[in-house]
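Readers should treat all values here as calculations from the given coordinates under stated rules, not as data from a laboratory. Fair warning: this is a prediction, and the values are worked out from it, not measured in the lab. We place every Cβ from the backbone using ideal geometry, glycine too, and count neighbours over all the protein chains shown.
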Amino acid sequence: MENLCQLRINADAALSRDLREHGDNATARELGTVLERFEAKLACVYDEFCGYCAEAEANGIENYPLYHWTKSVIDDPQKQEKHQRSFTIYIKGEAVYPTQNAQGLKDLLDEFATGKNMQIRMVDTDPSKNPQPPAEFRSPGSRPSGGS
């Protein structure tokens with residue numbers, strides 16, 4: 001089976017704001033140019049979480065197994081800040097992709113990030129290698145204890 005991954009960028013507050021709001025920051029523009037070479041785009045993790053919750057609320061949260069966990073994240077001010085600074089890189093419209101397809105972009109982004117307030121990570125999609133939602137959020141329809 002092919003190893004899949006996802007590239008992520010963590011940025012400081014100022015760069016994150018510019019990336020989310022499509023500001024005219026030089027670093028944001030340069031990053032956009034690097035991403036375009038690989039047909040890649042950024043999506044803010046916090047904004048994606050908000051979109052997931054809005055979709056779940058519109059269509060019935062019982063069909064969205066990660067709703068309660070995701071909602072708890074976006075409602076927590078400390079986690080909001082963390083996730084507003086985190087960006088998923090989509091390559092050719094895909095959120096996950098073969099590791100070998102992402103390596104060239106990662107290498108270029110690592111070089112680009114040198115001396116800037118940003119970090120680049122390659123995340124393996126194997127669940128055994130990644131943190132999972134807390135146990136109370138893992139089974140469908142579950143809620144944190146004390147939830148209504």
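A few remarks follow.
- Footprinting exposure proxy ranking of VAL45, VAL123, fewest other C-beta atoms within 10 angstrom first, gives VAL123, VAL45.
- Student exercise, the chain dipole from Lys, Arg, Asp, Glu Cβ charges, in Debye to nearest 20: 220 debye
- Considering only SER16, GLN132, LEU35, and ranking their Cα positions along the charge dipole of the chain that arises from unit charges at the beta-carbon of Lys, Arg, Asp and Glu, the one farthest toward the positive end is GLN132.
- Label zone at ALA43, where the point sits 7 Å out along the Cα-to-Cβ direction: the range 81-114 residues whose backbone N lies under 14 Å: 87-97
- Segment ALA13-LYS82, length gained on full extension (0.36 nm per residue, minus Cα span): 23.9 nm
- Of the DSSP H helices in the chain, those whose Cα atoms cover at least 24 Å axially and whose Kyte score averages 0.5 or more: none
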